[in-house]
Amino acid sequence: MEDDFNSLTISTQNIDGLHSRAGSSDVLELHGNIFRNKCVECGKLFIIEEDTKGVPRCQSCGGLIRPHVVWFGELPSEIWYKSSEVAMNSDIYMVIGTSGNVQPATSLALFAKRIGATIIIINPEATHLDAVADLIIRMNAGIALTDIYANM
């Protein structure tokens, strides 16, 4: 779908890197990525491919290295700002495969709705965002997106 639209950005709460591995190029990982690590002191990102003995340390500053996922209260401001900007400039905003219960990510659909975007919810079960949706599709995301794209 990315090749057929002027702009397609994915803001995701998933930490598994699946969207990038599937070929999406504009992915904003709100909660980080479990396959990356970061220095708690300088913020440098690392990919540690092998199990290390003891606690890994940053080669640049000596700080401790931890998984690059958010803990409570750690939403990265640059990713949040970009995701908010994308939502507020959307014509169509799709909320896919989530209950819409986790803040602040839920706010993104509300930002998009406020500026007049069409909100589409794709989820097998009811969500906390159903009330603002213009279209609700109660299906598995993989099936629904395949059907939507095939009929474009």
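Output the residues belonging to region 124-152 that are part of a loop (DSSP other than H, G, I, E, B) and either of a type in the set (D, E, K, R) or touching a Lys or Arg at 6+ places or on another chain (Cβ under 7 Å) (or both). Before the answer, list the steps.
Taking region 124-152 first, the residues part of a loop (DSSP other than H, G, I, E, B) are 124-129, 133-134, 138-140, 151-152.
Listed by number, the residues that qualify are PRO124, GLU125, ASP134, ARG138.
Based on this model, can you work out whether SER90 counts as over 23 Å from ILE137 (Cβ atoms), of a type in the set (S, T, N, Q) and assigned by TED's automatic domain parsing to the domain that holds LEU135?
Values: over 23 Å from ILE137 (Cβ atoms): no; of a type in the set (S, T, N, Q): yes; assigned by TED's automatic domain parsing to the domain that holds LEU135: yes.
No: the conditions fail for SER90.
Of all the numbered requirements in (1) in a loop (DSSP other than H, G, I, E, B); (2) surrounded by 13 or more Cβ atoms within 10 Å (Cβ to Cβ), TRP80 misses one, and that requirement is (1).
Please tell me if SER60 is among the hydroxyl-bearing types (Ser, Thr, Tyr), assigned to a loop (DSSP other than H, G, I, E, B) and over 24 Å from ARG138 (Cα atoms).
Values: among the hydroxyl-bearing types (Ser, Thr, Tyr): yes; assigned to a loop (DSSP other than H, G, I, E, B): yes; over 24 Å from ARG138 (Cα atoms): yes.
Yes, satisfied.
Examine region 27-36 for a residue that is in a loop (DSSP other than H, G, I, E, B) and either in the same structural domain as SER99 (by TED's automatic domain parsing) or crowded, with 17+ Cβ neighbours inside 10 Å (or both), and state whether such a residue exists. Spell out how you get there, then give the answer.
We begin by selecting, within region 27-36, every residue in a loop (DSSP other than H, G, I, E, B); these are 30-31.
Filter once more, keeping what is either in the same structural domain as SER99 (by TED's automatic domain parsing) or crowded, with 17+ Cβ neighbours inside 10 Å (or both): 30-31.
Yes, some residue in region 27-36 is in a loop (DSSP other than H, G, I, E, B) and either in the same structural domain as SER99 (by TED's automatic domain parsing) or crowded, with 17+ Cβ neighbours inside 10 Å (or both).
Tell me, which residue of region 94-124 that is among the β-branched types (Val, Ile, Thr) and under 20 Å from ASN14 (Cα atoms) is surrounded by the most Cβ atoms within 10 Å (Cβ to Cβ)? If you could, list the steps in order and put the result at the bottom.
Quick first cut of region 94-124, residues among the β-branched types (Val, Ile, Thr) only: 95-96, 98, 102, 106, 115, 118-122.
Applying the additional criterion that residues be under 20 Å from ASN14 (Cα atoms) yields 95-96, 98, 102, 106, 120-122.
Numbers: VAL95: 25, ILE96: 15, THR98: 20, VAL102: 12, THR106: 18, ILE120: 18, ILE121: 23, ILE122: 23.
Among residues in region 94-124 that are among the β-branched types (Val, Ile, Thr) and under 20 Å from ASN14 (Cα atoms), the one surrounded by the most Cβ atoms within 10 Å (Cβ to Cβ) is VAL95.
The values are calculated or read from the model by the stated rules, or taken from the named source; none is laboratory data. Nothing here was measured: the structure is a model prediction, and the numbers come from that model. Cβ: placed from backbone, ideal geometry, glycine included. Neighbour counts: every protein chain shown.
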